[in-house]
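Visitor: One structure, as structure tokens, below. Some questions next.
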């Protein structure tokens, strides 16, 4: 059986009655069924208890990107600007889930908002609008460009730590160059790095673009960009998902072996 990959959902209003729904983009499902070689399991934004019940059955966890931002009360930050989307139910689900997954050695890939959640869950803080800070780039989604081009187009390069988890996952050519071209669709970013996180990539303005969990016993990587949008055409994006998939398969093999021993 393929490894079971949990995919974090957002709580969103759908339809004419704005009924709360739990949703994740199809791009993550296709990445799990493709280069991850896993079976996607959608995790509703339903609070800590449900996710804790599901975690022992998962072989990997993808923390998805989202328009919503982590509630600043989780990192003692100032209130968001009026109109900033939040998702308190997602926060209540993912932040404890991240800590539990790391403790249990479940492979983890955190993407965009997911990387910000990873930082906050482990004790870090966020800049809420990077584009408003002196000397920083505008990392947000440009409003004057077609959506497909924004999602798959390369906005800037990132400098990569040559001996980190990200470098180990990408192609040898990019590893030797210590650079990677990425898309960019975020307003928020790491301000204070969590004690257990190690920065692995940086934008030209110094924004942290990738992190690993120090001391993790498995794959535990966060990236600020969106490899799920272009893995079909970008070899490094595909390689990141494949590396995560290998870790998930190894976790499933270990979990199956443990269950077989317990049954004897």
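Visitor: Taking only the C-alpha atoms, wrap a convex hull around the stretch 1-70 and report its volume per residue in Å³ as a whole number.
Guide: Values: hull volume 7.2 nm³, N = 70.
Hull volume normalised by residue count: 102 Å³.
Visitor: Packing-wise, with mean Cβ within 10 Å as the measure, how do 127-140, 34-47 rank, highest first?
Guide: On the way: 127-140: 14.8, 34-47: 19.5.
Going from most to least packed, we get 34-47, 127-140.
Visitor: Hey, how many Å between the Cα centroid of the stretch 36-70 and the Cα centroid of the stretch 174-223?
Guide: Rounded to whole Å, the Cα centres lie 21 Å apart.
Visitor: Relative contact order of the chain, please, whole-number percent, based on alpha carbon pairs below 8 angstrom and at least 6 residues apart.
Guide: Values: 546 pairs, mean separation 54.8, N = 264.
The normalised contact order for the chain reaches 21 percent.
Visitor: Here is a further query. By average Cβ neighbour count within 10 Å, what is the ranking of 50-60, 220-230, 240-250, 75-85 from highest down? Write out the running numbers ahead of the final one.
Guide: Working: 50-60: 17.5, 220-230: 25.7, 240-250: 22.4, 75-85: 11.2.
Top of the packing list down: 220-230, 240-250, 50-60, 75-85.
Visitor: When the helix-only estimate is applied to the chain (DSSP H runs of n ≥ 4, each -39,500 (n - 2.57), divided by the residue count), what is the mean residue ellipticity at 222 nm, nearest 500 deg cm²/dmol? Display every interim value, and only then the final one.
Guide: Working: 8 runs with 87 residues, N = 264.
Counting only the DSSP helices, I get -10000 deg cm²/dmol.
Visitor: Rounded, prolate or oblate: which one fits the stretch 155-205, using the alpha carbon gyration tensor with axes a ≥ b ≥ c (rounded when a/c is under 1.5, else prolate when a/b beats b/c, else oblate)?
Guide: oblate
Visitor: Within 10 Å of each residue's Cβ, count the other Cβ atoms and sort 16, 111, 29 from fewest upward. Kindly include the intermediate steps, with their values, before the conclusion.
Guide: Values: 16 5, 111 28, 29 17.
If I rank by nearby Cβ atoms, fewest first, I get 16, 29, 111.
Visitor: For the stretch 1-108, what is the relative contact order in percent, using Cα pairs closer than 8 Å and at least 6 residues apart in sequence? Working shown, then result.
Guide: On the way: 170 pairs, mean separation 34.7, N = 108.
Worked out over the stretch 1-108, it gives 32 percent.
Visitor: Going by average Cβ density within 10 Å per residue, which order do the peptides 97-106, 167-176 take, highest to lowest?
Guide: On the way: 97-106: 19.8, 167-176: 15.6.
Highest-to-lowest ranking by the protection proxy: 97-106, 167-176.
Where a number appears in this text, it was derived from the coordinates with a stated rule and is not lab data. Being a predicted model, the structure only gives us computed values, none of them experimental. Don't worry about glycine lacking a Cβ; one is built from the backbone with ideal geometry, like all the others, and counts go over all protein chains shown.
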